[in-house]
Amino acid sequence: EGARSAYPIDVVAAMTVPNIFDSFGVRLDGLRAAISKLSMAWRFRDSGEEWTLRVENGALHYRTGIDESSFVTVDLTRSALDRIAAGVSTIDEETAGSEFSVSGDLIVLRRFGSLLESVDRYFPIVTP
């Protein structure tokens, strides 16, 4: 959980929710995720947006709307997502605050966080 993002918080704040979910998909460890089947509902208090995020077959998928059969429902503000996506805070740190609550199986959310790889934003583009 809390794998470091390649994006600073101000960049994450400028991204759309689908952009952030796409960045999670890029960071997903496909081999480890291949044995996981996760479904998470995300409700944003401040915007009213609702999303379902799934991990299956080693890939991340998302769609608008809530799938009521999701294993966990996350009720949060956009700024809480930004902090998690940028690696400024963790899921556990956010659950202790007032901008993030979870109903259902918190272990599913933690498992999702553990499947995200850290990214080095200073990786060498060209090597000799």
Practice item. Being under 15 Å from the mean Cα position of the chain (by Cα) and either of a type in the set (S, T, Y) or modelled with pLDDT under 95 (or both) narrows it down to one of S114, S69, S98, so name that one. Key: S114
Review point. If the Cβ limit is 8 Å and pairs must be 6+ apart or interchain, which residue in the range 55-68 that is at positive phi pairs with which residue that is open to solvent by 30 Å² or more (accessible area, probe 1.4 Å) and part of a loop (DSSP other than H, G, I, E, B)?
Key: N57/A34; G58/A34
Review point. Being part of a strand (DSSP E or B), of a type outside the set (D, E, K, R) and either out of contact with any His (no Cβ under 9 Å at 6 or more places or on another chain) or more than 15 Å from L116 (Cβ to Cβ) (or both), is that true of even one residue in the range 87-97?
Key: no
Review point. Of the residues R83, R43, which single one is outside any loop (DSSP other than H, G, I, E, B), open to solvent by 20 Å² or more (accessible area, probe 1.4 Å), free of Cβ contacts under 8 Å to residues at least 60 places away in the same chain and out of contact with any Phe, Trp or Tyr (no Cβ under 6 Å at 6 or more places or on another chain)?
Key: R43
Check your understanding: Being in a helix (DSSP H, G or I), open to solvent by 40 Å² or more (accessible area, probe 1.4 Å), more than 13 Å from S114 (Cα to Cα) and small (G, A, S), is that true of even one residue in the range 12-30?
Key -> yes
**Study point:** Hits in the range 47-59 - residues which are open to solvent by less than 30 Å² (accessible area, probe 1.4 Å) and out of contact with any Lys or Arg (no Cβ under 6 Å at 6 or more places or on another chain)
**Key:** W51, L53, V55, G58
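The values are calculated or read from the model by the stated rules, or taken from the named source; none is laboratory data. What you are looking at is a predicted structure, and each value in this text was computed from that prediction instead of being measured. FYI the Cβ positions are ideal-geometry reconstructions off the backbone, even for glycines, and counts take in every protein chain you see. Calculation scope for accessible area: heavy atoms of the full protein, side chains included, ligands and nucleic acids excluded. Shrake-Rupley method; radii C 1.70, N 1.55, O 1.52, S 1.80 Å.
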